[in-house]
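We did not get these values from a lab; they are worked out from the coordinates using the rules stated. As the structure is a prediction and not an experimental result, all values here were calculated from the model. We place every Cβ from the backbone using ideal geometry, glycine too, and count neighbours over all the protein chains shown.
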Amino acid sequence: MNKSKILVPLGKKSYEVTIEAGIRNKISEELLKIGVKNNRKILVISNKEISDLYIEEFLKNLNDNNYQVQTFLIKAGELHKKLGNFK
């Protein structure tokens with residue numbers, strides 16, 4: 001499988017996004033590769049539309065590998081992805 005990485009250029013807040021077919025089924029493996037140990041608490045933020053499609057297998061992989069996971073659903077759209085919306 002091909003793996004692509006895309007840089008989201010936000011200055012000091014820049015981050016990489018990894019794109020790979022089926023990555024949600026091995027997210028725990030990817031987290032371990034970047035140093036996120038499997039005893040960590042993880043908050044998965046999604047919207048209902050994406051959650052309905054993918055969250056079950058995503059959470060199963062994390063739970064099966066001893067991550068402590070909680071989910072939080074937000075409304076769809078960039079407007080709702082601002083930190084100020086969570087205060």
(message) I'd like to know if the stretch 44-66 contains one or more residues that are more than 10 Å from the chain's Cα centre (by Cα) and under 18 Å from Asn2 (Cα atoms).
(response) no
(request) Quick one: which strands (runs of 3 or more DSSP E) lie wholly within the stretch 1-70 and hold at least 2 residues that are surrounded by 13 or more Cβ atoms within 10 Å (Cβ to Cβ) and touching a helix residue (DSSP H, G or I) at 6+ places or on another chain (Cβ under 8 Å)? (result) 41-47
(request) Of the numbered conditions (1) of a type in the set (A, V, I, L, M); (2) within 15 Å of the chain's Cα centre (by Cα); (3) in a helix (DSSP H, G or I), Leu79 fails exactly one; give the number of that condition. (result) (2)
(request) Quick one: which residue in Ile27, Ile42, Ile55 is among the β-branched types (Val, Ile, Thr) and closer than 22 Å to Leu10 by Cβ? (result) Ile42
